[in-house]
Each structure stands twice: as C-alpha cells, then as structure tokens.
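Before any comments, here is the structure.
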Amino acid sequence: MAAGKKSGRKSQASNDFLEPLAPTSVSATNVGTGRAFDNGAATVSFSLPALSPAATSYTVTASSGQTGTGSSSPITVTGLPSAASVTFTVTATNTAGTSAASSASSAITITTVPATPAKPSVTTTVNQDTVTWTAPATGGSAITGYTWASSDGKGATVSGSTTSVNVTQEGSTSQTYNVYATNANGNSATSPDSDSITTTPPFFPPFFPPFFPFFPPFFPPFFPFFPFFPPFFPPFFPFFPPFFPPFFPPSFPSFMPKGAFF
C-alpha cells in the first residue's frame, strides 16, 4: 500500500489525494493485420488494483521505446519494429502523480506486412524475359507469395519460395517490371520499376540477321554462281538463257535428222 494510503469508505476522500498504485495483469497482443513494415502495433490490457486511487490516464511503454496513452484499458501502441520481441509496462496517473511501473508483460513478436522488395533485375532471350528479385524482410511472418506485373499489362502471382519468373513476350517490345510480397498480414508496398528492357526477337524470317551465313537476301558475292542463279545466269555459263530452245546458238549441234523440216 502506498505511503499514507488509508482503507475504508471514510478514507476515500483522503485517498483521492494520492497517486495510483502500479497497474497489474499486463498482457499484450500483436495486431499484425494491415500494419506497414516497421510500423507494428500491439494492444496492451491491464487493470488497476481494487484499493488504488483512481487514475485519469495510463501510459504504456514498449521495451523497444514506443509509448501509447489512454484513459482506460486496453491501449494500442504503434510504431513497433517488425519481427521484434517486445514487452510492455504500464503506469497510471492522476492529479496527485504517477504510479510506479507495472511488472513487464510477457514478450510478444511484432508482425507486419513484408518490407518493400528492391527493384527487380531483368534479362532477355528470344521472345522471353526473365525477371528476378531478392526476397525482402518478412515482417515477422513468412512470405506466402509474390505478385509481379509488367508495364504492358502482363502479371501473375507465384509462391513465396519463388524469386524468378520467365515471361513470354513479343520480340522487339520494351517493358518494365515490378513486384510486391504478401504474407498473412497483407501486401507489401510495390517495388520500384525495373530498368526497361527490349525483348530479343527471333532469328527467322522476317528477322534474319545480316550476319547469318548464306541465307537470302544475304548471300555473299563469292558463293559459287552467285548472284547468277536463274534468271541471272552469267552469259559465259554454257547453253543457258538466252540460248535454250528455241534459241540454240548457231553452233549448237542439230537435234534434227538431215532433210527434216518444220
């Protein structure tokens, strides 16, 4: 009992001039759902001893340094660090002063949504981009999925163990990508966009590269008889247009028997 404190109804008036007793039965519950990364919250419940002078306000202090105030139990403390193990104490205040701090609550783990993923990296091959990201801090609760999106409207959700996806894209198109993480408390903020990347086109018509060996229209001039395939045979090639029948040269051996005529 506080020094000078009296019991009984007749002594209540004198008790009103004394500060409250330390609160008891302090317990804390993690809020979790919807809390932003490193802005966790806990709801702290407590009671004032039956013989304590009345309190007009209470202050809850977290072992991580954050405080919350209110006029009754419970009180919510915000700004708590994600994934931290935290205990809480409570003091009671009236016009006469402030009580001693309560005993600390049992420790709880503060959970929030995951941290924001960093900017993804992207590589490209023929008609395909590969998007890769680094798993962010979990917020104290396991990541259950990632959702990626491209600037051209593609996107999907993958498992929490996946940190890379292959995306089918149209060759010679350019796009960026972003990603966010999800856990039991909700979604992280969306990552910054990746650098823009242009998807590699296929090396088939109409996309033959000029260095592809010996395919039209890129035949090298030294290829045998090029560019003298029909209708471009060289004049010195034996008996080729314009010397095919009926245009045999005069010296070409006759195919007709002697004395035959048309």
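When Ala62, Ala83 are screened for being buried (at least 16 other Cβ atoms within 10 Å of the Cβ), in contact (Cβ under 8 Å) with a residue 12 or more places away in the chain, at positive phi and in the same structural domain as Val31 (by TED's automatic domain parsing), only Ala83 passes. Could you grab me the full set of residues in the range 144-158 that are in contact with a Phe, Trp or Tyr (Cβ under 8 Å, 6 or more places away or on another chain), farther than 12 Å from Thr130 by Cα and not aromatic (Phe, Trp, Tyr)? Across the range 144-158, the qualifying residues are Thr147, Ala149, Ser151, Gly155, Ala156, Thr157, Val158. Scanning the range 46-59 for residues that are among the polar types (S, T, N, Q), in a strand (DSSP E or B) and crowded, with 16+ Cβ neighbours inside 10 Å returns a single hit, Thr59.
Here are Leu51, Leu80: which of them is more than 30 Å from Ser164 (Cβ to Cβ) and modelled with pLDDT under 95? Break it down into steps so the answer makes sense when it comes.
Numbers: Leu80 fails: modelled with pLDDT under 95.
None of the other options fit; the residue is Leu51.
Report yes if Ser105 is surrounded by 19 or more Cβ atoms within 10 Å (Cβ to Cβ) and either in a loop (DSSP other than H, G, I, E, B) or among the polar types (S, T, N, Q) (or both), otherwise no.
The answer is yes for Ser105.
All conditions in (1) within 20 Å of Ser45 (Cα to Cα); (2) outside the structural domain of Leu18 (by TED's automatic domain parsing) hold for Ala101, with the sole exception of (2).
Working carefully through the options Phe233, Phe203, Phe237, Phe225, find the one that is at pLDDT below 95 and either closer than 30 Å to Asp38 by Cα or surrounded by 15 or more Cβ atoms within 10 Å (Cβ to Cβ) (or both).
Values: Phe203 fails: either closer than 30 Å to Asp38 by Cα or surrounded by 15 or more Cβ atoms within 10 Å (Cβ to Cβ) (or both); Phe237 fails: either closer than 30 Å to Asp38 by Cα or surrounded by 15 or more Cβ atoms within 10 Å (Cβ to Cβ) (or both); Phe225 fails: either closer than 30 Å to Asp38 by Cα or surrounded by 15 or more Cβ atoms within 10 Å (Cβ to Cβ) (or both).
The conditions single out Phe233.
Put simply, of Thr134, Thr144, Thr116 the only residue that is touching a strand residue (DSSP E or B) at 6+ places or on another chain (Cβ under 7 Å) and at pLDDT 95 or above is Thr144.
The values are calculated or read from the model by the stated rules, or taken from the named source; none is laboratory data. Computed from a predicted structure; not experimentally measured. Glycine also receives a Cβ, built like all others from the backbone with ideal geometry; neighbour counts cover every protein chain displayed.
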